[in-house]
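Visitor: Here it is, the structure in full.
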Amino acid sequence: MTRAVASTVLLGLCLGLAGCAQSAPPTDPPTRPTIVSLNPCSDAILAEVADPAQLLAISHYSHDPRASSMDRVQARRFRATGGTVEEIVALRPDVVVASSFLQPATASALDRLGIPVVRLGIAGTVEDSNAQVRLLARLAGHPARGEALVARIARALADAAPFAGETAIPAIVWQGGGLVPGDDSLIAQLMRHTGFANAAAARGLGQGALLPLEAMLADPPQAIFTAGSPDAEDDRLLAHPALDGLTSTVRARFDPKLLFCGGPTIPKAAARLAEVRASLSKP
């Protein structure tokens, strides 16, 4: 597939989806492109919806266990790239998939070289995530695989939903350094779906706000999901000994790698939330 053909594919895909960039479309019929992914969230999706030979490289984040949303063995099947223009050009992809934070200099260089780029924003809802799954599956030429992943997500969410009439449990996802997610984030939507109420939002805290230890101790929720690395310097407060005195609060480990991406991450995140919810519902 030529880069010109990839541009035709992108033109159709980007209509109605913000954040896409493409070069001028040709008239050749589209086929299945080769892809370089610079975004750890798109890495995980493309690993499921594209043929392995199509995915020439994934972001270096996905080879880092601290940052990857993918299974380590799955990620190591693919070459990793730091995202430099030199690396991308050497791989000769038909299209590049990046985040909306792609550096302007890199985007400009790829445009001059005629390499089309799809930029994905942060998926703030399950619906946003499903739209990205479908877009990338269509880009890869395998729309049915995208629909299969969307269906798997729907089944996982159905399995994770609480029984009708159950009262929502106040909970906080507490990240390294005391960060909390806002109520308009994907993880907050998954909390609501699995029977939790975002207690951080009830305090008026938005995305990226800090909740210090003192405030947590003064007014603890019923559940605290600690989403940090125990070995990291700024995550030590998540295991502070003073928290042991919260006898009416359950603290549960939540893998921080499940916080930021949609796609195949959603079933794992929903299952973990539902697991904790079920334990709190037991007599």
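Every number here is computed from the coordinates shown, using simple stated rules; none is lab data. From a predicted model like this one, the values you see are computed outputs, not experimental measurements. So basically every Cβ, Gly included, is an ideal-geometry build from the backbone, and we count neighbours across all protein chains shown.
Visitor: Take the alpha-carbon centre of the range 60-106, take the same for the range 263-282, and report the distance between them in whole Å.
Guide: 29 Å
Visitor: Still on this model: What shape does the range 165-281 take by its C-alpha gyration tensor, where a ≥ b ≥ c are the square roots of the eigenvalues and a/c under 1.5 counts as rounded, a/b above b/c as prolate, and the rest as oblate?
Guide: Verdict is rounded for the range 165-281.
Visitor: Inverting the mean 1/r over all pairs of different Cα atoms, compute the Kirkwood radius of the range 34-124 and quote it in Å.
Guide: After inverting the pairwise mean of 1/r, the radius is 13.0 Å.
Visitor: For the range 118-180 and the range 183-246, compute the distance between their C-alpha centroids and round to whole Å.
Guide: The two parts, judged by their Cα centres, are 21 Å apart.
Visitor: For the chain, what Kirkwood radius comes out of the mean inverse Cα-Cα distance, in Å?
Guide: One over the average 1/r among Cα pairs gives 20.0 Å for the chain.
Visitor: Can you tell me the FRET efficiency between Arg203 and Ala158 if r is taken as the Cβ-Cβ distance and R0 is 35 Å, rounded to the nearest 0.05?
Guide: 0.70
Visitor: Something else about it: Can you order the peptides 92-103, 236-247, 120-131, 212-223 by their average number of other Cβ atoms within 10 Å per residue, highest first?
Guide: Sorting 92-103, 236-247, 120-131, 212-223 by mean packing, highest first, produces 92-103, 120-131, 212-223, 236-247.
Visitor: Once every DSSP H run of n ≥ 4 in the chain is given -39500 (n - 2.57) and the sum is divided by its residues, what mean residue ellipticity at 222 nm do you get, rounded to the nearest 500 deg cm²/dmol?
Guide: Theoretical 222 nm ellipticity from helices: -11500 deg cm²/dmol.
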